[in-house]
Structure formats: C-alpha cells, structure tokens
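Notes follow the structure.
What follows is calculated from the coordinates using simple rules that are stated; it is not laboratory data. None of these values were measured; they are calculated from a predicted model. Backbone-built Cβ (ideal geometry, glycine too); neighbour counts: all protein chains shown.
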Amino acid sequence: MDARLNLFGSPLAGKFLKHVVAAGQVVTDSGLPAATKELVSLRASQINGCGFCTDIHTKEAVAAGETPVRLNMVAVWREATVFTEAERAALELAEEGTRIADAAGGVPDHVWANAAKHYDEEQLSALVALIALINAFNRLNVIVQQPAGDYQPGQFK
C-alpha cells in the first residue's frame with residue numbers, strides 16, 4: 001500500500017508537520033506520565049482507525065517498557081484490571097474527546113471531573129493538548145492512507 005500523498009516529500013507538508021511536532025514537544029515536556037501519553041495516543045489512534053499512529057505508539061510504548069498485556073488491553077480498558085484509576089480517567093477523556101462528534105454537548109462533565117481528580121491543571125492541559133494533537137495526526141494519516149508497520153522506535157526524534 002502506498003500513501004495517497006508523500007507527506008515526507010512535500011515541502012508544504014514538511015513545514016506543517018514541523019510545527020505540529022513542535023507543538024507536541026510541549027506535551028512531551030509536561031508532567032503528564034509517559035505511560036499515560038502512549039496509552040492515550042494509542043487509544044485515540046485505535047478509535048480513529050489510524051494504523052500508522054497505532055504502530056508508532058505501540059512500538060514507542062514497548063520501547064519505554066510498557067507490557068504487552070497492558071497494550072493488548074487498551075481497546076478494552078473498561079473491562080481490564082491492569083490500568084490505574086488515573087490511567088482509566090485519561091483513557092475515558094481520550095475516548096470522549098476523540099468521539100466528540102458522536103455526543104451532543106461534547107465531553108460530559110462527569111468525565112472531566114473524573115480526570116480532574118487524578119491530574120492537576122498543568123497535566124490536564126497537557127492531556128487535552130495531547131488528545132487534540134493525536135486526533136490531528138490520526139486524521140492526517142487516515143486521509144492520505146499512510147501505510148503502517150515499518151515504524152522504528154525513535155524514528156521521528
């Protein structure tokens with residue numbers, strides 16, 4: 001499978017990606033736990049059907065020490081016992097933020113309140129930014145049908 005558009009060869013796409021990646025550095029440098037960042041990115045990517053980002057975040061999570069059991073359970077996190085209450089709150093916020101068009105009124109107050117029990121204001125800011133960012137990356141890659149499977153951990157660092 002070939003991408004519809006070569007994002008890595010296009011000067012315009014390259015400029016755009018440079019800015020989006022730079023925005024993501026703010027989240028990377030935040031106090032949000034690294035495991036939470038990968039789990040949230042993986043879950044949003046699964047929901048959006050983004051194989052490219054699912055590949056990236058699964059492999060980055062493994063490289064950071066995440067266990068196969070937890071990664072295999074991300075799609076069914078509600079029934080899984082392997083996530084902390086904070087991680088569960090982040091995954092719920094990620095799902096609601098990703099499926100925003102499916103719910104009139106956006107993210108429910110109880111979902112926000114649950115996340116706010118586990119994360120301070122800076123971490124919540126990072127979590128919201130991450131959810132918005134991974135959804136942007138997912139849409140970009142799904143639109144151009146970016147192939148998945150060849151990513152190597154650290155490839156874009």
| request: Multiply the residue separation of HIS19 and THR67 by 0.36 nm, subtract the distance between their alpha-carbon atoms, and state the gained length in nm to one decimal. | output: 14.1 nm
| query | So, by mean Cβ neighbours within 10 angstrom, what's the order for 90-101, 72-83, 6-17 with the highest one leading? | reply | 90-101, 72-83, 6-17
| Net +/- balance of residues flanking ARG78 in space, Cβ distance below 15 Å, scoring K and R +1, D and E -1 | -2
| What does the charge dipole of the chain about its Cα centre add up to, to the nearest 20 debye, if the Cβ of each Lys and Arg holds +1 and the Cβ of each Asp and Glu holds -1? | 480 debye
| task | Tell me what the chain gives for mean residue ellipticity at 222 nm when only DSSP H runs of n ≥ 4 count, each as -39,500 (n - 2.57), the sum divided by the residue total, rounded to 500 deg cm²/dmol. | result | -20500 deg cm²/dmol
| said: As a footprinting exposure proxy, order HIS57, HIS118 by other Cβ within 10 Å, with the fewest listed first. | reply: HIS118, HIS57
| remark: So for the chain, using the alpha carbon gyration tensor with a ≥ b ≥ c as root eigenvalues (a/c under 1.5 gives rounded; past that, a/b versus b/c decides prolate or oblate), I'd call it prolate
| remark: Under 5 Å from the placed amide H of GLU66, counting only residues 5+ away or on other chains, we find none
| query | Ranked by Cβ crowding within 10 angstrom, fewest neighbours first, how are SER41, SER125 ordered? | reply | SER125, SER41
| Pairwise label distance in nanometres, GLU122 with ALA136, each label 7 Å out on the Cα-Cβ vector | 2.2 nm
| request: Give, as a single signed number, the net charge of other residues whose beta carbon lies under 13 Å from the beta carbon of GLY49, with Lys and Arg counted +1 and Asp and Glu -1. | output: +2
